[in-house]
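Single-structure report; data block below.
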Amino acid sequence: MLKTLDPLDTAVLPLRVAPAPALARFTLRIDPASRSMAGQAFGVSLPERIGALSQEGDRRAVQLGPDEWVLYAPEAEGQALAGRFRSLAEPHSLVATGDRELAFLVEGARAATALMAACPLDLDAMAAGTATRTVFDKVAILLVKESGERFRVECWRSFAPHLVGLLAVIERELAAGL
Amino acid sequence: MSRFRVADRGRIERSRTLSFTFDGQRYQGHPGDTLASALLANGVHLVGRSFKYHRPRGFLAAGSEEPNALVGVDRGPGRYEPNTRATVLELFEGLKATSQNRWPSLSLDVGAVNDALGPLFTAGFYYKTFMWPKGFWNKVYEPVIRHAAGLGRAPDKADADTYASRYAHCDVLVVGAGPAGLAAALASARAGAKVMVADEGAEMGGALLSDLSSRVDGVPASQWLADTLDELASLGTVTLLPRTTAIGYYHQNMVGLCQRVTDHLANAPSGAPRERLWRVRASQVVLAQGAIEKPLVFAGNDRPGVMLAGAARTYLNRYGVKVGERALVVTAHDSAWEAAFDLKQAGIAVPAILDTRRAVSDALLAKASALGIETLLGWTVSGTAGRLRVSSATVNPLGPSGKPGAGRRIDCDCVLMSGGWTPSVHLFSHSMGKLEWSEALQAYLPGEPREALRCAGAGTGVFTLQGALETGVEAGAAAARDAGFAGDAPRFAAQEEAASAGEAKADLPSASGSAYAKAFVDFQNDVTAKDVRLAVREGFRSIEHIKRYTTTGMATDQGKTSNINGLAIASGALGKPVPQVGLTTFRPPFTPTTFGAFIGYAKGELFDVTRKTPIDSWAERNRAVFEPVALWRRARYFPKGGESMEEAVRRECRATRSSVGIFDASTLGKIEVVGPDAAEFLNRLYVNAWTKLAPGRCRYGLLLGEDGFIRDDGVVGRLAQDRFHVTTTTGGAPRVLSIMEDYLQTEWPDLKVWVTSTTEEWAVIALNGPDARRVLEGLVEGIDLSPEAFPHMAVAEGTIMGLPLRLFRVSFTGELGFEVNVPARHGLAVWERLIEAGRPYGICPYGTETMHVLRAEKGYIIVGQETDGTVTPGDAGLGWAIGKAKPDFVGKRGLARPDLVASGRRQLVGLLTDDPGHVLEEGAQIVLDPAQSVPMKMVGHVTSSYWSEALGRSIALALVENGQALHGATVHVPMPDATFTAQVAGTVFYDPKGERLNG
Amino acid sequence: MLLIRCPYCEADRPEVEFTYAGEAHIARPPDPSTLSDDAFRDFLYVRSNTRGLFAERWRHAHGCGRFFNALRETVSDKFAATYKVGEARPAPEETSR
């Protein structure tokens, strides 16, 4: 399903698309007033602005909406994490969504250009270390700008072939250099 | 070198020669040529036949405004394009072009008889001539006209090219890279703004590309152009897009650009798209689109060899091509004089410059005199002669009253005309900016803008080079400033000789009143001055109506060369000033744009998203036949050997009812509803009562709109006091989630409950049939599957193959049923393991078709099939689901509306045809009395209809007026070839007591 | 394509991220059962169809997911203001026009 370029080619090609390693992933919904308790349960304080990201070690939290965060942790820690939230007294909803999504890393000098083939946001202007939900062609995505030339793109599992297929066409287009 | 090539002029690459063909004839040109310049260099003027009269036509213009020279270009299989303007088609090695709208050949065209019949084909001829007799239109007139009139032929093969799209964002977008646009770009870029410059030409420079005499800051204009482009390219903040047409201006400075990426290449690199559609969001826009020269309207102004004076100058100076050897210049504007001087200096005979004005500047007269050109001031031209190419023109002095005097014939092989210049305000007009009529220029100019944009150069009616540079700098600097970049605006000083005065003429006074004389206003749609006047005589007053009646301005060129002339003639005929006659609306795209550019990547596999389940690959390997359901593709049935769908479905039905069937239900929508108020939320939203549903139990949930009509349904399992697993229909999942968010965010923000889509978190495998439990028993851990511990409508969490499992005991078939939910990534492995475990029982994979049959046998509805947005729970026989004690839920008040409690509603019933072998057609209408006259009173329709393998006969579900009171009655289903009779029955055809559910 | 300011994200975002959700400020009656048939019909179906400034609902569906309200000029399509659920419709002088 995935058509990715040979990693050895990254020196000459402006773009690389590869599946991201699997992580435990949870969708957390909670009243922002209870944010700090949730941060304690997670072990990393939650960001306080939509689009912001906080990270400590291999745990990461991304705020997507006023009362919505995505939490990431190493796969092996998923169960324990869910257990800690079960004992969180503040009303909340924690739902595992690690299987719902597939994630890809889009890297290279032309990464932003490649994504802007079908994403209407100004990804050059997007600050590194921020995230947003948006669209790529007809696919709803969660986009994290890890650095100037590195993006993490997540979409629902069944949309991934479309996303990757389109990125493969765009790779060829950029490689043609016109 | 060909006869018409000039040695010392032009920007073409003379060292390389390109071969091309036109109508099969081989010619040669050079890189830098357009097809038009290359043909003219070979002396070819005749390139097409006109739309209506099949008159021979040549090149009118040298740019994208060309109305006549439309050709077909064949780049190989799937790469034929009709109606390409030869004036913008860049020459490449091996180009194959053909003329259009002629039969059997361009120089001998049978359709030209239309020209002789001209008086019949006047304005509105479609509406008038062919009204009678009725019926003649389709059979006689229409086919004949379709054959005779028209432009190119449509391609008959799928487009083999690929197309791309891109979003871009910049501080300043400059449209047009003539002197004004480049000055604007430079001013913006030097201030530090991120700039994009789009120009439709192969080379940037606009008018500078054909200007050999002007200088900027002491260097020739061409040198200034090269220096400027170098500087822009070196800044790193400027994107230069040649071959890129700004096709439309949309809200908030989104401008659509169509970039032609490979059309100019004989061999395009693999992976490169043919065209790319840019959607540019600019914080500021500068429009510097220039101006389009107006033709003069006189009899015979369409004869090949008659062209715009500016175009002839461009062909000479930019392409090194003489458009003829003897050029008569007829004009109402100074600019044609400059063209005449250039041509004369290049060695072309200019027998006369005819100007409709009685006086022009002394400088022009002096220069004409110095070059030995006769000048005719206050003259008109009343006709041209020549069969396929102009050979002479008749010119007449204008008397004191403006009447033409005795004619004089001037031999010539081309007539260069100019009626002045029309500023290009198309994009400004797209942006909803207000246009203002300039009486002095006789043109519409950009007025107050509605977006963050500025206009500069000839597009604002400033026709001098110095003016273009100044307005460009001013616009570019101001745009940068408003985008947040301040800087010193550059200054440029131009030295030029061009004069730019002129007068506007509606059409030229003519000496001849002949009905056959045609003075064309709109060349592409063959509209004459007479047609416009006729429309006014017949009572048309608004320019919008005159446009549609005469079709002026409605061709693919959208009247670029004709609108203002048409308007001036209408204005004169109406006796009203132009601003009161109005102006037709400019609409995108600015020039014809391929469908491919708009489609972009969305073709083939990428045409649309095809969602596939985690088990899809197994279905594909096992030769499933798929069907689309919403964006999903689902296995419809699994034919074995040469089975038909009917045979496969019968087998799948038998296996499921007799042993066990396995079904991929992963597409079912799933929403996790979590929070202390989860039950209260579901109480308010769904018709059912939820408070008393114990954890570990499921209930069928029914969702209505506020209007009381069914919106969705699905099984809801309570996993814990504060956690529900809600399922929805496959197609309804996003809608239900949105409805839930809507109520939670806007109506009940007090509720502590949240919803999360888990549709794709879980792969869902349904096992149905008497052996279903046996298949699962050895695999499931942590759940006691015995009927006592895990009865119908139970839900529990456990493991299967060591993986997390949510197991539902539910049935959509009426058989003992389980739904195995496992994390999506493991769906395929679990499916394969279950198939293996089911082998001893003859487990049978089934698809959506069998699922439909089995549920219909049980009378289970499918939302969207049994319901259509006007069906209530009572209509569907689901009134039992409503929690009667609840004070309120979404749809409760709606159900009490007068129309919903009235009698005569269509209610869901079963139908059993008198002929048990006949399967009714879904959607078929139902009547009570088949003998009544047409139109019959239709009392309902068939919603589902199948062959029931379990019953050995056909079954159907239907919505029928008062159906629930009609049990046992006979209804009739009239079809085109027969009327079928059926008895109204209950909706549960199979196992009415529901005993099989208990397995 | 319009740019729409999401009052929750506090950013101008492209129209394709949003879905339209009908006229604003039509609250669900607290107890619909007390409404007359005519009053309930009006709640369900009767809309103002304004020419000019119109209060309507949008959802930043492919962004923060929130429903919000907007004042939009229906002739020019231009947004005059967007505001959060529960906030009062801005007075004309508070809009960006």
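Read the figures in this text as sums done on the coordinates, not as results from a lab. Computed from a prediction, not measured in an experiment: that's the story for all the values here. So basically every Cβ, Gly included, is an ideal-geometry build from the backbone, and we count neighbours across all protein chains shown.
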Distance between Cα centroids, segment B:257-289 to segment B:853-927: provide it in whole Å.
54 Å
To the nearest whole number, what is the average tally of beta carbon atoms from other chains within 10 Å of the beta carbons of peptide C:57-63?
5
Kindly provide the helix-only [θ] at 222 nm of chain A, computed as the sum of -39,500 (n - 2.57) over DSSP H runs of four or more divided by all residues, to the nearest 500 deg cm²/dmol?
-6500 deg cm²/dmol
Here, B:Q932 and C:A39, labelled 7 Å along Cα→Cβ, have an inter-label distance in nm of 4.0 nm
Under a Cβ-Cβ cut-off of 12 Å, what is the net charge of the residues other than B:G58 that fall near it, where Lys and Arg count +1 and Asp and Glu count -1?
+2
Looks like segment B:175-298, by Cα gyration tensor root eigenvalues a ≥ b ≥ c and the a/c under 1.5 rounded cutoff (else prolate when a/b is bigger than b/c, oblate otherwise), is rounded
Kindly give Rg over Rh for segment B:695-836, based on alpha-carbon atoms, with the Kirkwood expression for the hydrodynamic radius.
1.00
At a temperature of 37 °C and a viscosity of 0.692 mPa s, determine how fast chain C diffuses translationally according to Stokes-Einstein, using the Kirkwood radius over alpha-carbon pairs as Rh; express D in µm²/s, rounded to the nearest whole number.
228 µm²/s
Where the eigenvalues come from the Cα gyration tensor of segment B:761-834, what are the semi-axes √(5λ) of the equivalent ellipsoid, largest first, in whole Å?
18, 13, 11
Taking only the alpha-carbon positions of segment B:784-914 as identical scatterers, the Debye log10 I(q)/I(0) at q = 0.10, 0.16, 0.21 Å⁻¹ comes out as -0.53, -1.03, -1.31
Evaluate peptide A:89-98: per residue, the Cβ atoms of other protein chains within 10 Å of its Cβ; return the mean as an integer.
6
Could you tally the net charge around B:G433, taking each other residue with its Cβ under 11 Å from the Cβ of B:G433, Lys/Arg +1 and Asp/Glu -1?
0
Would you mind pulling out the separation of the Cα centroids of segment B:629-693 and segment B:423-439, in Å?
58 Å
Residue by residue through segment B:347-361, which ³J(HN,Hα) values in whole Hz follow from phi under the Karplus form 6.51 cos²θ - 1.76 cosθ + 1.60 (θ = phi - 60°), with glycine and proline marked x?
x, 9, 5, 10, x, 6, 9, 9, 10, 5, 6, 8, 9, 9, 5
What number comes out for the charge environment of B:A385, summing +1 per Lys or Arg and -1 per Asp or Glu over other residues with Cβ under 12 Å away?
+2
Difference of contour (0.36 nm per residue) and Cα-Cα distance, B:R623 to B:A406:
69.5 nm
Going out from 0 in 20 Å bins, what whole percent of all Cα-Cα distances in chain B drops into each bin?
12, 31, 23, 24, 10, 1
What are the semi-axes of the equivalent ellipsoid for segment B:573-616, taken as the square roots of 5 times the Cα gyration tensor eigenvalues, largest first, in whole Å?
50, 11, 6
Within 10 Å, count the other beta carbons around each residue, average over each peptide in B:327-336, B:985-994, C:38-47, and list them highest first.
B:327-336, B:985-994, C:38-47
Give the Rg (one decimal place) followed by the Dmax (whole number) of chain A, computed from C-alpha coordinates and expressed in Å.
17.0, 58
Beyond 19 Å, what share of the Cα-Cα pairs of segment B:467-570 is found? Please give it as a whole percent.
61 percent
Nearby lysines by direct alpha-carbon distance to B:K884 (threshold 22 angstrom, same-chain neighbours under 8 apart not counted):
B:K692, B:K892
Can you tell me which of B:557-564, B:282-289 comes out highest on packing, and rank the rest after it, using the mean Cβ neighbours within 10 Å?
B:282-289, B:557-564
Filtered GluC sites (Glu not before Pro), segment C:60-96: DSSP coil and at most 15 other beta carbons within 10 Å:
C:E87
Helix-only mean residue ellipticity at 222 nm, chain B, DSSP H runs n ≥ 4 weighted -39,500 (n - 2.57), per residue, nearest 500. What is it?
-6000 deg cm²/dmol
Between rounded, prolate and oblate, where does the protein assembly as shown land on the alpha carbon gyration tensor, with a ≥ b ≥ c its root eigenvalues, rounded for a/c under 1.5, else prolate if a/b exceeds b/c?
prolate
Cβ crowding within 10 Å averaged over residues, with B:82-88, B:838-844 ranked highest first
B:82-88, B:838-844
Which of B:K403/B:K576; B:K612/B:K640; B:K52/B:K530; A:K138/B:K612 exceed 18 Å between C-alpha atoms? The answer is B:K403/B:K576; B:K612/B:K640
Label segment B:395-518 by shape, choosing from rounded, prolate and oblate, from the square roots a ≥ b ≥ c of the eigenvalues of the Cα gyration tensor; if a/c is under 1.5 it is rounded, and otherwise prolate applies when a/b is larger than b/c, oblate when it is not.
prolate
By a straight-distance test (C-alpha under 25 Å), which lysines pair with C:K84 as possible cross-link partners, with residues fewer than eight away in the same chain excluded?
B:K752
Correct semi-axes for segment B:877-936, from √(5λ) of the alpha-carbon gyration tensor and rounded to whole Å with the largest first, are 34, 17, 9
Compute the angle between helix B:563-574 and the longest alpha-carbon principal axis of chain B, please, reported from 0 to 90 degrees and rounded to the nearest 10.
80 degrees
